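Undergrad: Structure incoming, see below.
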Amino acid sequence: MTGTPEWEALQRLMPPMAEPDLSVDWGRMRESWGTEFPSDYRRFIGLYGPGTLQGYLVVQDPEPRGGPRRSRFGGMQHETVNAEQAWATDAKTPELAGARPRLIAWGADSSADILCWDASADDPDTWPVLVRDRDESLWSRYDCGMVEFLSRVLRAGFDECPLGDLSLWGRGSATFLPESEQRRRVEEGLAPWTGEPDPYAGRYGG
């Protein structure tokens, strides 16, 4: 699920804008979560960093489990707990009937959807994406990795939009701002998504 064509497609659709200011101890991540993480996610974090896609979809900070919450956008640990609670009560599409996944959240969006891996398999590069649609209280499975998932959303490459809002669906190109770049712009008095001076910068989330 980490094919080079999908990685190259995502970079064409969403060119990196700023180098992330982040150093990840993947060994500590492995020890704290009890598993390696998918290579496409590790590659994504290395190039893009954690941050927000088009002001809508957050790719979560790789937080060691049991450590302090670092992200102001929910965070991997927080969203994983939310996902586990939602799984216990929400409906599932037919392909998930009887499934008992190990959930790890890698994303969330402004529609309160949660994007997870089913981390049950030993090989993280085979983990499918599970999406919790908040509006429908419904879980669905997508047999691809997170990079392919993002690329296909931007290309309208699924039968229908997996997310609760159509702002990313088939738009063809998108902007991704790392958390560090959003923070820098706010500290400089700029609106994060326009880069223009904003006297209210810092009074609201970016």
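No value in this document is a laboratory result; all are computed from the given coordinates. Since we're looking at a predicted model, the values are computed, not measured. Heads up, the Cβs are rebuilt from the backbone with ideal geometry, glycines too, and the neighbour counts pull from every protein chain shown.
Undergrad: Rounded to the nearest angstrom and ordered from largest down, what semi-axes does the equivalent ellipsoid of segment 61-179 get from its C-alpha gyration tensor (root of 5λ)? Walk me through the intermediate numbers first.
TA: Numbers: eigenvalues 82, 71, 41 Å².
Each semi-axis is √(5λ); the values are 20, 19, 14 Å.
Undergrad: Please arrange Cys116, Cys161 by how many other C-beta atoms lie within 10 Å of their C-beta, fewest to most.
TA: Going from least to most buried by this count: Cys161, Cys116.
Undergrad: So what is the 222 nm mean residue ellipticity for the chain from helices alone, if each DSSP H run of at least 4 adds -39500 (n - 2.57) and you divide by all residues, rounding to the nearest 500 deg cm²/dmol?
TA: -8500 deg cm²/dmol
Undergrad: Additional query: If you work out Cα extents along the principal axes in Å from the coordinates, which of [x] 41, 38, 33; [y] 52, 37, 35; [z] 64, 43, 30 do you get?
TA: The calculated read-out lines up with [y].
Undergrad: If you don't mind, there's one more thing I want to ask. Fewest first, what order do Glu148, Glu196, Glu136 take by the number of other Cβ atoms within 10 Å?
TA: Values: Glu148 22, Glu196 10, Glu136 13.
Sorted ascending by nearby Cβ count, the order is Glu196, Glu136, Glu148.
Undergrad: Placing unit charges on C-beta atoms (Lys and Arg positive, Asp and Glu negative, everything else neutral), compute the dipole magnitude of segment 120-199 about its Cα centre in debye, rounded to 20.
TA: Working: 9 positive and 17 negative charges, 34 e Å.
With Lys and Arg at +1 and Asp and Glu at -1, about 160 debye.
Undergrad: Ok, one more. If each of Ser120 and Ser23 carries a label point 7 Å out from its Cα toward its Cβ, how far apart are those two points in nm?
TA: In this crude spin-label approximation the distance works out to 3.9 nm.
Undergrad: Work out how much length Trp193 to Ser39 would gain on full extension: take 0.36 nm times their residue separation and subtract the Cα-Cα distance, in nm to one decimal.
TA: Result for the pair: 52.6 nm of gain on full extension.
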